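Presented below is the structure to which this report refers.
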Amino acid sequence: VIEERLVGEEISFMVVTDGVTALPLLPAQDHKRLLDGDKGPNTGGMGAYAPVPVVDAALAGQIMEQIIMPTVRGVASEGLEFKGVLYAGLMLTSDGPKVLEYNTRFGDPELQAILPLMKSDLVPLLDDAVEGRLSLTQCQWQSGNCACVVMASGGYPGDFQIGKELHGLERFKDRRDLFVFHAGTKKDRERCGSWGGRVLNVVGGGANLEEALKATYEAVSAISFDRAQYRKDIGHRALRKTVAK
């Protein structure tokens, strides 16, 4: 199989659709490689941030018009009824956005960086998709950015260790500006231990990406378990562009 090599930045573009209308979520950028500088083996995702500054309103409109809606209409033309989440992995090339893959689910860890920015209630939005009412629905977003950093087990994505006790989680019990999503943990009485490759998704927000990353990494530094690993450069592409400006 011969494929065209696509060069550019990869983004995740998710929409909720009722089979006729599609409502876009904020674009996000995942970090698939295990190590800083996009090195090391591929993983399920080591972190993400949203929104993506390179995707402005014009580019988002182009993606909807040239990629998402033709796909929604194409599925319907085949006599198929698809209602749910359409997740496009896109490469932003010099010739415009190109599709790398489609998934029919939310993206992980992208969604963890998107949902804290949603003012609207997610459940009615999904109900509207099921009932075919998305043409009457609007999704409200708050300003600012969110960043998600994945804390993974030692050895991940290969043979990883489990059963390592997590420390520091109690510090975030009453916080409303930070989220710690449990991905691969197991609670045994009062003890919480690692129980998977990707253990925690730590999410922080801010008025801009720098503030969001600062809050997130401060939280990450307060959590520990034996041989925990995480990337220290989430958002580096967007930050590099900010510095260049």
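Okay, here's what the table says:
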read-out	value
Distance histogram for the chain (every C-alpha pair counted, 5 angstrom bins, percent rounded to whole numbers)	1, 6, 13, 16, 18, 16, 13, 9, 6, 2, 0, 0
Residue among Ser221, Pro53, Val72 farthest towards the positive dipole end of the chain, charges placed on Cβ	Ser221
Additional length obtainable on full extension of the chain from Leu6 to Tyr102, 0.36 nm per residue less Cα span	33.0 nm
Three-way shape call for segment 51-142 based on the alpha-carbon gyration tensor, with the a/c threshold at 1.5	oblate
Simple Cβ-charge dipole of segment 95-147, Lys/Arg +1 and Asp/Glu -1, about Cα centre, in debye nearest 20	120
The chain, accessible surface, carbon-and-sulfur percent (1.4 angstrom probe)	50
Solvent-accessible heavy-atom area per residue, rounded to whole Å², over segment 107-227 at 1.4 Å	53
Over the chain: helical MRE at 222 nm, DSSP H runs n ≥ 4 each giving -39500 (n - 2.57), nearest 500	-6000 deg cm²/dmol
Cα-centred dipole magnitude for the chain, charges only on beta-carbon of K, R (+1) and D, E (-1), debye, nearest 20	740
Proximal charge balance of Tyr49 [Cβ under 10 Å; K/R count +1, D/E count -1]	-1
Extent along principal axes [Cα atoms of segment 13-107; Å; largest to smallest]	44, 26, 21
Net charge contributed by nearby residues that have their C-beta within less than 11 Å of Ser153 (K/R +1, D/E -1)	+1
Net charge of Cβ neighbours under 12 Å - reference Asp18; Lys, Arg +1; Asp, Glu -1	-2
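The values are calculated or read from the model by the stated rules, or taken from the named source; none is laboratory data. Predicted model, so just to flag it, every value in this text is computed and none were measured. Methodologically, a virtual Cβ is constructed for each residue, glycine included, from the backbone with ideal geometry; neighbour enumeration extends over all protein chains shown. Surface accessibility is based on the protein's heavy atoms, side chains included, excluding ligands, DNA and RNA. Shrake-Rupley method; radii C 1.70, N 1.55, O 1.52, S 1.80 Å.
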